[in-house]
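Enquirer: Dropping a structure here in C-alpha cells format, bear with me for questions.
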Amino acid sequence: MEDWREVVREAAYAASVAGMHARRDGGTFHYNYRWEHVQAVVRLAIRLAALTGADPEVVEAAAWLHDVAKGQGADHGREGAQAARRILAETGFPPHKAPAVAHAIAQHVGLWRKVPVEPLEAAVLWDADKLSKLGATAVLHFTANQADEGQGSTKALIEALPGDEWQSRTVESLHTAPARAAGEVRLAAYRAFCRRATREYDGDDLVHNSTQHPNPGMSRA
C-alpha cells in the first residue's frame, strides 16, 4: 500500500491545478490560490488537533482532501467526501477512520453555521478552513490571487479584500477555544491592515501624523 500522506497530498495538488486551469480556461497562472489555501488548512488543522485532542490522522487526511472536489459540482463537500473514501481506500490509511474523514469533509462547506459542527475532528477541520481566510496571511492569499487574475491597480486590490462583516461572522463561527482566540487576533490584524492600507493609499497618514513630527516644516528631501 502507498503511503497515505503522499497520496492525499498529490491528490490535493492535482485537484488544485485542475481547478486553476478550469478558472483560467486552460490559461497559465503563477499563483495557485487553492493549493496555498489547502496547505494552510493542513498546517492549522495539525496544530489544532494537537491542542484539542482530536485524532491527528483523521484531521490531517481531511485537511488535505477537503477541497479535492472543489468546482466539480454543486456540493463539493459531499462529493469530496465520496472522493476521499475512494482515495484513502487505495492507501494504508486506517480503514476504520475513513468514515470520520469523509464526515468532516462533508461538514466543512460554508462560512457560517447556525448549528455546531460535530464531532471534534469535523470542528477542527471547520476551524482550520475558516482561520486560513483570516488575518495577515489571508491578505497575502487574496491579494496574490487577485493580481494573478489580472487585477492591475492597488486601489482595486484594496477594495477586493473581504469586508469587515464577512470576517467578523467567520470568527463567530469558530468552534474550538484555540481557534476562537486566534481568530480574534487575526481579525484585529486584518482590520488594522485594511485601515492602514487605505490611509496610506489616500495619503491620510500625512495629515494624521504631521502633528507627531518634531519639526514637520523641516522634513524636506
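Enquirer: On the basis of being more than 30 Å from PHE29 (Cα to Cα), in contact with a helix residue (DSSP H, G or I) (Cβ under 7 Å, 6 or more places away or on another chain) and exposed (fewer than 15 other Cβ atoms within 10 Å of the Cβ), does ASP164 make the cut?
Expert: Values: more than 30 Å from PHE29 (Cα to Cα): no; in contact with a helix residue (DSSP H, G or I) (Cβ under 7 Å, 6 or more places away or on another chain): yes; exposed (fewer than 15 other Cβ atoms within 10 Å of the Cβ): yes.
It is false that ASP164 is more than 30 Å from PHE29 (Cα to Cα), in contact with a helix residue (DSSP H, G or I) (Cβ under 7 Å, 6 or more places away or on another chain) and exposed (fewer than 15 other Cβ atoms within 10 Å of the Cβ).
Enquirer: Going through the range 99-132 one residue at a time, which ones are of a type in the set (Lys, Arg) and either in contact with a Leu (Cβ under 8 Å, 6 or more places away or on another chain) or closer than 17 Å to LEU65 by Cβ (or both)?
Expert: Residue satisfying the conditions is LYS130 alone.
Enquirer: Take the residues of the range 112-139 that are of a type outside the set (A, V, I, L, M, F, W, C) and closer than 30 Å to ARG196 by Cα: which is surrounded by the most Cβ atoms within 10 Å (Cβ to Cβ)?
Expert: In this case the residue turns out to be ASP127.
Enquirer: Can you name the residue in the range 149-173 that is outside any helix (DSSP H, G or I), under 20 Å from the mean Cα position of the chain (by Cα) and not hydrophobic (A, V, I, L, M, F, W, C) and is also farthest from ALA123 (Cα to Cα) among such residues?
Expert: Let us first name the residues in the range 149-173 that are outside any helix (DSSP H, G or I), namely 149-153, 161-163, 173.
Now narrow it down to the ones that are under 20 Å from the mean Cα position of the chain (by Cα): 149, 161-163, 173.
Now drop any that are not not hydrophobic (A, V, I, L, M, F, W, C), which leaves 149, 162-163, 173.
On the way: GLU149: 32, PRO162: 23, GLY163: 24, SER173: 10 Å.
Filtering first and then ranking leaves GLU149.
Enquirer: What number of residues in the range 66-89 are without any contact (Cβ under 8 Å) to a residue 40 or more places away in the chain and either of a type in the set (Ser, Thr, Tyr) or in contact with a Gly (Cβ under 7 Å, 6 or more places away or on another chain) (or both)?
Expert: 1
Enquirer: Could you pull out the residue among GLN151, GLN146, GLN107 that is touching a helix residue (DSSP H, G or I) at 6+ places or on another chain (Cβ under 7 Å) and free of Cβ contacts under 8 Å to residues at least 12 places away in the same chain?
Expert: Details: GLN146 fails: free of Cβ contacts under 8 Å to residues at least 12 places away in the same chain; GLN107 fails: free of Cβ contacts under 8 Å to residues at least 12 places away in the same chain.
Among GLN151, GLN146, GLN107, only GLN151 is touching a helix residue (DSSP H, G or I) at 6+ places or on another chain (Cβ under 7 Å) and free of Cβ contacts under 8 Å to residues at least 12 places away in the same chain.
Enquirer: Now a separate question. Under the condition of being surrounded by 11 or more Cβ atoms within 10 Å (Cβ to Cβ) and among the β-branched types (Val, Ile, Thr), which residue from the range 176-221 is modelled with the lowest pLDDT?
Expert: THR198
Enquirer: Can you pull out every residue in the range 143-153 that is surrounded by 13 or more Cβ atoms within 10 Å (Cβ to Cβ) and not hydrophobic (A, V, I, L, M, F, W, C)?
Expert: THR143, ASN145, GLN146, ASP148, GLU149, GLN151
Enquirer: Of all the residues that make up the range 1-17, how many are within 26 Å of GLN151 (Cα to Cα) and in contact (Cβ under 8 Å) with a residue 40 or more places away in the chain?
Expert: 2
Enquirer: Going through the range 154-167 one residue at a time, which ones are among the polar types (S, T, N, Q) and at pLDDT 90 or above?
Expert: THR154 - this is the single residue of the range 154-167 that is among the polar types (S, T, N, Q) and at pLDDT 90 or above.
Condition check ((1) crowded, with 16+ Cβ neighbours inside 10 Å; (2) under 30 Å from ARG169 (Cα atoms); (3) modelled with pLDDT under 95; (4) among the β-branched types (Val, Ile, Thr)) across all residues:
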residue: MET20; (1), (2), (3), (4): yes, yes, yes, no
residue: HIS30; (1), (2), (3), (4): no, no, yes, no
residue: LEU44; (1), (2), (3), (4): yes, yes, no, no
residue: ASP55; (1), (2), (3), (4): yes, yes, no, no
residue: ALA61; (1), (2), (3), (4): yes, yes, no, no
residue: ASP75; (1), (2), (3), (4): no, yes, yes, no
residue: LEU88; (1), (2), (3), (4): yes, no, no, no
residue: HIS96; (1), (2), (3), (4): no, no, no, no
residue: GLN107; (1), (2), (3), (4): yes, yes, yes, no
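The values are calculated or read from the model by the stated rules, or taken from the named source; none is laboratory data. Because the structure is predicted, anything quoted here is derived from the model rather than measured. We place every Cβ from the backbone using ideal geometry, glycine too, and count neighbours over all the protein chains shown.
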